[in-house]
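Asker: Quick one: the structure is below, questions incoming.
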Amino acid sequence: MGSSLAWYYDNYSPVGDILVMAVCLVFIILIHTAYINRTRNFMLLRYMIEILFVAALCDVVYHMMMNHVGEVPNLAIYLVRYLFCVGLFLILFLTIMYMRESLHLEPRMNLRLHIIGGAILVTVAVLQIFGTIMHFGFYIDRDGIAHAGLPIFTIAYFIYVGMIVVVLFRFRDRVYRPVVNGVAFTVGLSLMVMILQQVFHQSSYTAASYLFPIYALLYLAHANPYDLETGSVGESAFEDLIRNSYEQKEELLIMSLFLPEFDISGKKYPVEIQKAVRFFSSSFFRGASLFQLSNGLMALVADTAKNADYIAKSQKMLDAFAEHYPKYRYDYKIVFSKTWNKISAENDYAGLIRYMHEQMPLNSFRRVEDKDIRKYLEHKFILRALADITAQGDMFDQRVEVYCQPVYNLRTGSYDTAEALMRLRLPEYGLVSPDLFIPAAENHKYIYMLTRIILNKTCTQIRQMTQAGYRVKRISVNVSVFDLWEPDFTSEVERIIRDSGASAEQLAIEITESQNEKDFAVIKERVDELKGSGIKFYLDDFGTGYSNFERIMELPFDIIKFDRSMVAASRSDEKVKDMVSHLARMFSDMDYAVLYEGVETEEDEACCIGMSAKYLQGYKYTKPIPIERLTEYFEKRA
């Protein structure tokens, strides 16, 4: 063996390569047992790990063969060494491809990197072969002496590493800075290991030097995945931080940004938003971390101990946001909150933030205060009760009560119809306002169970009053569009009527029109399915929100229910009164019955009678009462 290579082989120890193989094997096992999103970049990283395992194995075999030159065919030695060298350069090429994907480079730069990286790889592969054949590279002569030749490996290695460093530096602003710093550090560490090997005539850790950047990418971008464009991590990491800070009694400041336009699965932020997010997450608070709680919801968390002036910093951030906002004009909601013991104990800041967003108008900012925490805890208490009601499935659950507001029939001068109203009465709380529990039930998919209970109790009361001799023309029940989307809604309504013993003609369903095309299609389908059974249908809240006459004509409603706001406006504005009068007269001429709600005074009553009213409802006649008290208003048959 030539003296120039003697040190290379004499100082070699297989421990480094064996350790590399062991670590790669651990990575491969973990990759196959843990859930990791199989992106293109992840697949590139997996290939790097597998190739590094093979390269380290080849390095061990190669050095073993070099100790038996003359006994082992030279071709076998060349082949194993070739696989080792080309394998390592293939990893460097794949690293370039990984960076190309992560940095979202322009097509021309993408192509340039691909061509240069590929050209270096092909050149190295060719030079390794021709260097051996033509004796300007590594070869073994007839006497069994190995010669190093030109340092093809070393030159190409430094070219590749230089490429990586240049690309990282030039496009460092396109990826979250801590990720860039972590990868750059490991690349520098790898380069240092290679240099020190040369200085100390060592060759045992060549493959090991490739392990450091691979580990950094696996950890930073996949195992605890940072979103490379924004630098955020997921909700589970957010919960871990909250848990640890609560145990260590550390106070945090949580700043959330909700962009509803992007809160859709698979929708990505445009480049300008990614850049803005990176700026805000790294420019104001020391040691802050960014978390992606949903596609459109991000939370920036900072330790107040490291940011003593966090109040001033948060105001500075808001001022900067106000300055940047005109550039983008996306709707937003911003919430700032310190940590609260009651919320930290349950690790429920994600829920608190979402609750606050539900209470806010678009393009607004809120700081969480004591009263907000009290309301949120009340909200959670109600949600737990709603969840239990749904889980129990008791159609006579005593916590769900039916109140009714009798409706005055102008033609008969009596009360023979009513509207059933949903109420919730909870132990240790009392009667819950509909404004508190109905939106919560709709948002968390508990409304269908409540509607079924109300339908059941209403039908039961209809049957009991009818059997007792009362004249019950009908009682109406409000139904949410969420109920109508349930596939068994029609069959459930029919079953409840049948099991209760009531008549379908004595039940009415009130529906509020939806602007959503899909909702309209479902409403029409459900009305068509149930209309034949004798159930009547009300168009509720006419005059508010969205009303489309073409759609109303498509739906076979029986009664048009004018909202209370129309009654109030008609009393004070002659133009509104004329408009409502014309609409009501038109509906009456088309055989729709007109019902006005919100009638509170004699003046309201007179106004509505003059506007083609057939039914009147409001506090002038009675406030909502328990359904059992309807007997005080309904008359018995003669």
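The values are calculated or read from the model by the stated rules, or taken from the named source; none is laboratory data. As the structure is a computational prediction, the values presented were derived from the model and not from experiment. Every residue, glycine among them, receives a Cβ derived from its backbone with ideal geometry; neighbour counts consider all protein chains shown. Each accessible area value is taken on the protein alone, full model and side chains, heavy atoms only, with ligands, DNA and RNA left out. Shrake-Rupley method; radii C 1.70, N 1.55, O 1.52, S 1.80 Å.
Condition check ((1) touching a residue at least 60 places away in the same chain (Cβ under 8 Å); (2) under 30 Å from PHE93 (Cα atoms); (3) not hydroxyl-bearing (Ser, Thr, Tyr)) across all residues:
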site	(1), (2), (3)
HIS222	yes, yes, yes
GLU247	no, no, yes
LEU253	yes, no, yes
LEU259	yes, no, yes
PHE284	no, no, yes
VAL301	yes, no, yes
THR304	no, no, no
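Asker: So which residues in segment 489-526 are open to solvent by 60 Å² or more (accessible area, probe 1.4 Å) and out of contact with any strand residue (DSSP E or B) (no Cβ under 6 Å at 6 or more places or on another chain), if there are any at all? Working first, answer last.
Answerer: Residues of segment 489-526 that are open to solvent by 60 Å² or more (accessible area, probe 1.4 Å), as a first pass: 491, 494-495, 498-499, 505, 512, 515-518, 524-525.
Passing the criteria: SER491, GLU494, ARG495, ARG498, ASP499, GLU505, GLN515, ASN516, GLU517, LYS518, LYS524, GLU525.
Asker: What are the residue pairs meeting all of these: first residue in segment 577-596, first residue within 21 Å of GLU554 (Cβ to Cβ), second residue open to solvent by 70 Å² or more (accessible area, probe 1.4 Å) and outside any helix (DSSP H, G or I), Cβ atoms under 6 Å, and 6 or more apart or on different chains?
Answerer: ALA593/LYS614; VAL594/LYS614
Asker: Counting only residues that are open to solvent by less than 30 Å² (accessible area, probe 1.4 Å) and either modelled with pLDDT of 90 or more or not in a helix (DSSP H, G or I) (or both), which one in segment 99-108 is nearest to GLN274 (Cα to Cα)? So that I can check it myself, show each step before the final result.
Answerer: Step one: list which residues in segment 99-108 are open to solvent by less than 30 Å² (accessible area, probe 1.4 Å), which gives 99, 102-103, 105.
Among the residues that remain, those that are also either modelled with pLDDT of 90 or more or not in a helix (DSSP H, G or I) (or both) are: 103, 105.
Working: LEU103: 12, LEU105: 14 Å.
In this case the residue turns out to be LEU103.
Asker: Something else about it: Could you tell me which numbered condition LYS473 fails, if it satisfies all but one of (1) open to solvent by 40 Å² or more (accessible area, probe 1.4 Å); (2) within 37 Å of the chain's Cα centre (by Cα)?
Answerer: Every listed condition holds for LYS473 apart from (2).
Asker: Tell me, please, whether a residue that is open to solvent by 30 Å² or more (accessible area, probe 1.4 Å), over 29 Å from ALA345 (Cβ atoms), modelled with pLDDT of 85 or more and touching a Ser or Thr at 6+ places or on another chain (Cβ under 6 Å) can be found in segment 267-285.
Answerer: no
Asker: Kindly evaluate THR601 against the criterion of being under 39 Å from the mean Cα position of the chain (by Cα), loosely packed, with under 15 Cβ neighbours inside 10 Å, on the phi < 0 side of the Ramachandran plot and β-branched (Val, Ile, Thr). Walk me through how you get there before you give the answer.
Answerer: On the way: under 39 Å from the mean Cα position of the chain (by Cα): no; loosely packed, with under 15 Cβ neighbours inside 10 Å: yes; on the phi < 0 side of the Ramachandran plot: yes; β-branched (Val, Ile, Thr): yes.
For THR601, the condition - under 39 Å from the mean Cα position of the chain (by Cα), loosely packed, with under 15 Cβ neighbours inside 10 Å, on the phi < 0 side of the Ramachandran plot and β-branched (Val, Ile, Thr) - is not met.
Asker: Can you find even one residue in segment 419-434 that is polar (S, T, N, Q), loosely packed, with under 14 Cβ neighbours inside 10 Å and not in a helix (DSSP H, G or I)? Even if it seems obvious, please write down each step before you answer.
Answerer: Within segment 419-434, the first condition is being polar (S, T, N, Q), and the residues that meet it are 433.
Now narrow it down to the ones that are loosely packed, with under 14 Cβ neighbours inside 10 Å: 433.
So of that shortlist, the ones also not in a helix (DSSP H, G or I) come out as 433.
The answer is yes; a qualifying residue exists.
Asker: If a residue must be open to solvent by 70 Å² or more (accessible area, probe 1.4 Å) and not in a helix (DSSP H, G or I), how many such residues does segment 367-379 contain? Step through it out loud before you land on a result.
Answerer: So in segment 367-379, the residues open to solvent by 70 Å² or more (accessible area, probe 1.4 Å) come out as 367, 369-371, 374-375.
Keeping just the survivors that are not in a helix (DSSP H, G or I) gives 367, 369.
The qualifying residues number 2.
Asker: On to the next question. Quick test of your reading of the structure: ALA237 fulfils all but one of (1) out of contact with any Cys (no Cβ under 9 Å at 6 or more places or on another chain); (2) open to solvent by less than 30 Å² (accessible area, probe 1.4 Å); (3) closer than 23 Å to LEU19 by Cβ; (4) at pLDDT 80 or above. Name the failing condition by number.
Answerer: Every condition holds for ALA237 apart from (3).
For every residue, the table says whether it meets (1) at positive phi; (2) open to solvent by 20 Å² or more (accessible area, probe 1.4 Å).
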| site | (1), (2) |
| --- | --- |
| LEU297 | no, no |
| ALA350 | no, no |
| ASN363 | yes, yes |
| PHE381 | no, yes |
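Asker: Which ranges mark the strands (runs of 3 or more DSSP E) fully within segment 445-560 that have 2 or more residues being modelled with pLDDT of 90 or more, out of contact with any His (no Cβ under 8 Å at 6 or more places or on another chain) and among the polar types (S, T, N, Q)? Walk me through it before giving the result.
Answerer: Numbers: elements: 474-478, 507-512, 536-542.
Qualifying strands (runs of 3 or more DSSP E): 474-478.
Asker: Considering only segment 184-219, state which residues are open to solvent by 60 Å² or more (accessible area, probe 1.4 Å) and in a loop (DSSP other than H, G, I, E, B).
Answerer: PHE200, HIS201, TYR205
Asker: Let me spell it out: the conditions are (1) surrounded by fewer than 16 Cβ atoms within 10 Å (Cβ to Cβ); (2) modelled with pLDDT of 95 or more; (3) charged (D, E, K, R), and LYS575 meets all of them except one. Which number is the exception?
Answerer: (2)
Asker: Which of the residues that make up segment 328-366 are assigned to a helix (DSSP H, G or I) and charged (D, E, K, R)? Steps first, answer last, please.
Answerer: The initial filter retains those residues of segment 328-366 that are assigned to a helix (DSSP H, G or I), namely 328, 341-346, 349-359.
Correct list: LYS342, GLU346, ARG354, GLU358.
Asker: Given the condition in a helix (DSSP H, G or I) and either of a type in the set (Asp, Glu) or out of contact with any helix residue (DSSP H, G or I) (no Cβ under 7 Å at 6 or more places or on another chain) (or both), answer yes or no: does some residue in segment 391-410 qualify?
Answerer: So in segment 391-410, the residues in a helix (DSSP H, G or I) come out as 391-392.
Keeping just the survivors that are either of a type in the set (Asp, Glu) or out of contact with any helix residue (DSSP H, G or I) (no Cβ under 7 Å at 6 or more places or on another chain) (or both) gives 391-392.
Within segment 391-410 (the criterion being in a helix (DSSP H, G or I) and either of a type in the set (Asp, Glu) or out of contact with any helix residue (DSSP H, G or I) (no Cβ under 7 Å at 6 or more places or on another chain) (or both)), the answer is yes, since at least one residue qualifies.
Asker: Would you say ILE609 is open to solvent by 80 Å² or more (accessible area, probe 1.4 Å), of a type in the set (Val, Ile, Thr) and in contact (Cβ under 8 Å) with a residue 60 or more places away in the chain? Full working, then the answer.
Answerer: On the way: open to solvent by 80 Å² or more (accessible area, probe 1.4 Å): yes; of a type in the set (Val, Ile, Thr): yes; in contact (Cβ under 8 Å) with a residue 60 or more places away in the chain: yes.
So ILE609 fits the description; yes.
Asker: Still on this structure: Of everything in segment 314-336, what is in contact with a Ser or Thr (Cβ under 8 Å, 6 or more places away or on another chain) and either closer than 25 Å to ARG243 by Cβ or of a type in the set (Phe, Trp, Tyr) (or both)? Give them in sequence order.
Answerer: Within segment 314-336, ILE334, VAL335, PHE336 qualify.
Asker: Look at segment 164-175 and say how many of its residues are in contact with a Ser or Thr (Cβ under 9 Å, 6 or more places away or on another chain) and part of a helix (DSSP H, G or I).
Answerer: Residues of segment 164-175 that are in contact with a Ser or Thr (Cβ under 9 Å, 6 or more places away or on another chain), as a first pass: 164, 174-175.
Add one more test, that the residue is part of a helix (DSSP H, G or I), and what stays is 164, 174.
The number of residues fulfilling the criteria is 2.
Asker: I'd like to verify a number: residues in segment 610-638 that are assigned to a loop (DSSP other than H, G, I, E, B) and among the acidic types (Asp, Glu), how many? Reasoning before the result, please.
Answerer: Of all residues in segment 610-638, those assigned to a loop (DSSP other than H, G, I, E, B) come to 610-614, 618-624, 633, 635, 637-638.
The next check asks that each one be among the acidic types (Asp, Glu); those that pass are 635.
Adding up the residues that qualify gives 1.
Asker: For segment 128-156, how many residues are open to solvent by less than 70 Å² (accessible area, probe 1.4 Å) and within 48 Å of the chain's Cα centre (by Cα)?
Answerer: 3
Asker: Among the listed residues ALA125, ALA76, ALA55, identify the single one that is among the small types (Gly, Ala, Ser), buried (at least 18 other Cβ atoms within 10 Å of the Cβ) and assigned to a helix (DSSP H, G or I). It would help to see each step written out before you state the result.
Answerer: Details: ALA125 fails: buried (at least 18 other Cβ atoms within 10 Å of the Cβ); ALA76 fails: buried (at least 18 other Cβ atoms within 10 Å of the Cβ).
It is ALA55.
Asker: Counting just the residues of segment 381-413 that are modelled with pLDDT of 95 or more and of a type in the set (Ser, Thr, Tyr), which one comes out farthest from PRO626 (Cα to Cα)?
Answerer: THR390
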